[in-house]
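Enquirer: Structure provided below as structure tokens; questions to follow.
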Amino acid sequence: MITDSPGCIPAARGFVERHRHGLRALFGVLNVPWYDGAEQLAAAAARHWLGPEHGRTIISCTPAQRARALELVGEVGLLEATWPQAGTAFDETDIVAGLWSANEGRLRLVRRLHDEHGCRTGPVKLWCGQRVREERDGSVDDILGRLAAADPRLLRHPWVRAELTRDPLDRDPWQRPFATEYELAIAAALTVFGPGLTLTDRRLATGPATLSGIPRRTVLWQELRTADGLALTVLNAAARHRPQGPPRHTTASCAEEWLAHLPPAVGARVLIISGNPHTERTLGDIARVARCAGRDDVILQAAGNGAPDRPWRLELCLGEIARLLHNDAAHAGVTFAVSAAARRA
């Protein structure tokens with residue numbers, strides 16, 4: 001279930017119903033036809049805005065159109081940071097991983113919620129997996145530079161030294177240092193929690209590779225512990241086929257593996273951390289997986305940082321709107337809410 005704490009968007013209302021006026025204005029500003037039918041509306045958004053990765057595709061518009069469109073995107077809640085109410089206690093916190101900057105920001109948010117907001121996060125689970133390192137993640141030298149900038153001692157950390165035994169020029173990118181999102185997430189955790197972060201328990205993966213051309217994973221999850229005792233478990237989810245891009249894990253597939261391999265306690269209050277413009281769609285994907293798995297007892301609440309302030313910020317948000325409209329059309333009657341109790345620009 002989704003939490004109905006004060007400030008939540010009513011769970012009985014879908015994305016389009018809650019934001020129909022603003023969405024209609026957004027479509028008009030960008031000269032995209034509006035349809036009252038959910039499927040037609042989702043199809044129109046997909047044709048104009050949906051790209052291969054997080055829906056991002058470059059649109060053609062004037063500076064005035066772009067500025068107004070961003071105002072309207074903000075009005076539907078896809079730009080601001082979202083925080084839970086101060087002092088909320090959670091049984092666990094689950095972070096949906098992404099690129100390095102997102103992972104670092106989401107891990108730091110855990111600390112901020114504790115230190116500045118008085119929240120109890122419980123143990124932290126970081127969902128990542130079989131996505132091979134890309135140019136936008138940075139090179140091996142870039143990653144080493146980030147580690148050294150955070151604390152030069154990290155270059156001598158046993159886990160980092162083990163990664164550096166791999167050949168950075170290996171013809172197989174899966175065999176290079178910091179090869180996948182899983183290793184990148186651990187490296188980002190080191191920059192946030194420092195050289196006192198230690199590897200403790202882990203579960204080895206069994207069975208064959210899930211997809212042709214992608215090696216079988218050797219680790220299912222790795223547990224780490226910070227110097228002050230916070231438990232951090234990194235899930236290494238298997239790659240899956242996706243309709244919108246090359247194979248990798250997805251939010252939904254991570255949620256399935258979370259429930260299968262690292263399940264929350266019955267009735268647990270779980271904080272899901274992602275980041276805008278993905279916060280609402282991510283929570284909805286997880287809620288649907290939990291419901292289908294018979295885990296509607298789990299109480300889910302969302303938190304996340306604001307949308308990145310980059311030149312393609314609008315495109316990122318428009319692609320996410322297209323995905324939200326698709327979910328509204330595909331899952332009519334299966335709706336969810338995002339806590340709006342504390343938002344920060």
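For every residue, the table says whether it meets (1) touching a residue at least 12 places away in the same chain (Cβ under 8 Å); (2) open to solvent by 10 Å² or more (accessible area, probe 1.4 Å).
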position: Thr251; (1), (2): yes, yes
position: Val266; (1), (2): yes, yes
position: Ile273; (1), (2): yes, no
position: Asp285; (1), (2): yes, yes
position: Gln301; (1), (2): yes, no
position: Pro311; (1), (2): no, yes
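Enquirer: May I ask you to list pairs of residues, at least six apart or on different chains, whose Cβ atoms are under 6 Å apart, with the first in the stretch 21-46 being without any contact (Cβ under 8 Å) to a residue 40 or more places away in the chain and more than 15 Å from Gln65 (Cβ to Cβ) and the second being loosely packed, with under 13 Cβ neighbours inside 10 Å and not hydrophobic (A, V, I, L, M, F, W, C)?
Expert: Close Cβ pairs (under 6 Å, with a partner that is loosely packed, with under 13 Cβ neighbours inside 10 Å and not hydrophobic (A, V, I, L, M, F, W, C)) amount to Ala44/Pro33.
Enquirer: Do you know which residues across the stretch 227-255 are touching a Cys at 6+ places or on another chain (Cβ under 9 Å), modelled with pLDDT of 95 or more and not small (Gly, Ala, Ser)?
Expert: Val234, Leu235, Asn236, Cys254, listed by residue number.
Enquirer: Also, I was wondering about something else. Can you find, within the stretch 73-103, the residue that is farthest from Pro263 (Cα to Cα) among those that are open to solvent by less than 10 Å² (accessible area, probe 1.4 Å) and among the hydroxyl-bearing types (Ser, Thr, Tyr)?
Expert: Thr82
Enquirer: Could you list all residues from the stretch 189-222 that are open to solvent by less than 80 Å² (accessible area, probe 1.4 Å), out of contact with any helix residue (DSSP H, G or I) (no Cβ under 8 Å at 6 or more places or on another chain) and either polar (S, T, N, Q) or closer than 16 Å to Val160 by Cα (or both)?
Expert: Gly196, Thr198, Thr200, Thr210
Enquirer: Separate question: I'm trying to understand the selection: among the residues of the stretch 230-259, which are out of contact with any Ser or Thr (no Cβ under 6 Å at 6 or more places or on another chain) and part of a helix (DSSP H, G or I)?
Expert: Ala252, Ser253, Cys254, Ala255, Glu256, Glu257, Trp258, Leu259
Enquirer: Within the stretch 317-345, track down each residue that is open to solvent by less than 10 Å² (accessible area, probe 1.4 Å) and at pLDDT below 50.
Expert: Ala337, Val338, Ser339
The values are calculated or read from the model by the stated rules, or taken from the named source; none is laboratory data. It should be emphasised that the depicted structure is a prediction, and the values quoted were computed from it without experimental measurement. FYI the Cβ positions are ideal-geometry reconstructions off the backbone, even for glycines, and counts take in every protein chain you see. For accessibility, only protein heavy atoms count, side chains too; no ligands or nucleic acids. Shrake-Rupley method; radii C 1.70, N 1.55, O 1.52, S 1.80 Å.
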